[in-house]
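This report refers to the structure that appears directly beneath it.
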Amino acid sequence: MSIRHGLLALLERGPRYGSQLRTEFESRTGSTWPLNVGQVYTTLNRLERDGMVAQGGQDEAGHALYAITDAGLAELRTWFEKPVDRTSPARDELAIKLAMAVGAPCVDIRDVIQSQRRHTVKAMQDYTRLKAQALVAVESGGARERDDVAWLLVLEQLIFQTEAEARWLDHCEARLIRLSTTMPPASPSAPTPASGSSSSSGSASPSAADPAPAPAPAAPNPITTTPAPASGGAR
């Protein structure tokens with residue numbers, strides 16, 4: 001999330017003070033990404049240092065007002081025109097969690113998937129209810145219509161995101177089930193000939209005093225998951 005560009009976009013509409021910018025930012029995004037006043041003023045100080053905003057006096061209540069400069073407007077235009085970089089994605093906690101759960105001896109990865117799916121579906125349902133409320137607000141019009149439209153766009157992005165995550169979790173579970181049922185079984189150890197028996201070719205049999213060879217250890221399954229029960233002899 002680019003706080004600095006969000007603040008520049010709000011300042012394009014006119015001078016504002018710190019807590020006013022925080023309120024308007026959260027109104028536009030429905031408090032999806034809440035800010036604190038400290039973040040706002042820290043960002044404003046950096047923008048002022050970089051020549052993108054400048055203090056422009058005070059309002060009637062004595063709040064220091066900030067205004068966007070020509071350099072800030074140029075930076076804002078560049079931000080709007082440049083696509084968001086998807087070649088270096090941000091770290092995704094869920095993807096990392098599932099990657100670490102593969103083969104982990106202390107967890108069943110399918111339990112992790114199912115727990116996350118329940119949470120994701122509930123979040124999607126909550127966003128859908130909020131979308132219905134936002135649509136009513138947009139269709140009724142009013143002084144906050146622009147903020148309501150902005151909030152609606154954010155909500156729809158969250159809905160699409162959770163829908164995609166739920167589908168991905170379904171895909172992960174199906175793949176793990178397939179892998180757990182198609183992994184080759186461990187090779188059985190060779191049977192030990194009975195003591196004192198002789199082969200038809202006359203070769204010497206191992207004596208009773210010779211220790212029997214230890215069975216080969218089973219090859220570990222790289223997917224730590226509970227395999228689906230076999231049905232109808234399918235492999």
(request) Report in % the part of the accessible area of the stretch 26-176 that belongs to carbon and sulfur, leaving out ligands and nucleic acids; probe 1.4 Å. (result) 54
(request) Using the Kirkwood radius over Cα pairs, work out the Stokes-Einstein diffusion coefficient for the stretch 130-174 at 10 °C and 1.306 mPa s, in µm²/s as a whole number. (result) 135
(message) Based on the alpha-carbon set only, what is the convex hull volume of the stretch 74-145 divided per residue, in Å³?
(response) 148
(request) Convert each backbone phi in the stretch 157-172 into a coupling constant with the Karplus relation 6.51 cos²θ - 1.76 cosθ + 1.60 (shift: θ = phi - 60°), then list the ³J(HN,Hα) values in order as whole Hz, x for Gly and Pro. (result) 5, 5, 5, 4, 5, 6, 4, 5, 5, 4, 5, 5, 5, 4, 4, 4
(message) Run the simple label-point estimate for residue 31 and residue 104 please: 7 Å along Cα→C-beta, distance reported in nm.
(response) 3.2
(request) Please report Rg over Rh for the stretch 1-122, where both radii come from the alpha carbon positions and Rh follows the Kirkwood definition. (result) 1.17
(message) What whole-number distance in Å separates the alpha-carbon centres of the stretch 117-133 and the stretch 28-57?
(response) 31
(message) Show me the trypsin sites (Lys or Arg not before Pro) within the stretch 1-66 that DSSP assigns to loop and that have at most 13 other Cβ atoms within 10 Å of their Cβ.
(response) 13
(message) If a paramagnetic tag sat 7 Å from the Cα of residue 168 along the Cα-Cβ line, which residues of the stretch 63-98 would have the backbone N under 19 Å from that point?
(response) 84-98
(request) Roll a 1.4 Å probe over the protein chains and send me the accessible area per residue for the stretch 1-139 in Å². (result) 63
(request) Using a cut-off of under 12 Å, list every residue of the stretch 1-31 whose amide N is near the label point 7 Å from the Cα of residue 73 along the Cα-to-beta-carbon line. (result) 12-14
(message) Which one, 58, 19, 6, projects farthest toward the positive side of the charge dipole computed for the stretch 1-68 from Cβ point charges (K/R +1, D/E -1)?
(response) 6
(message) So the label point goes 7 Å from the Cα of residue 121 along Cα→C-beta, right? Which residues of the stretch 134-168 then have their backbone N under 12 Å from it?
(response) 166-167
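The values are calculated or read from the model by the stated rules, or taken from the named source; none is laboratory data. Values in this document were obtained by computation on a predicted structure and should not be read as measured data. Using ideal geometry, Cβ is built from the backbone for each residue, glycine included, and neighbour counts are taken over all protein chains shown. Surface accessibility is based on the protein's heavy atoms, side chains included, excluding ligands, DNA and RNA. Shrake-Rupley method; radii C 1.70, N 1.55, O 1.52, S 1.80 Å.
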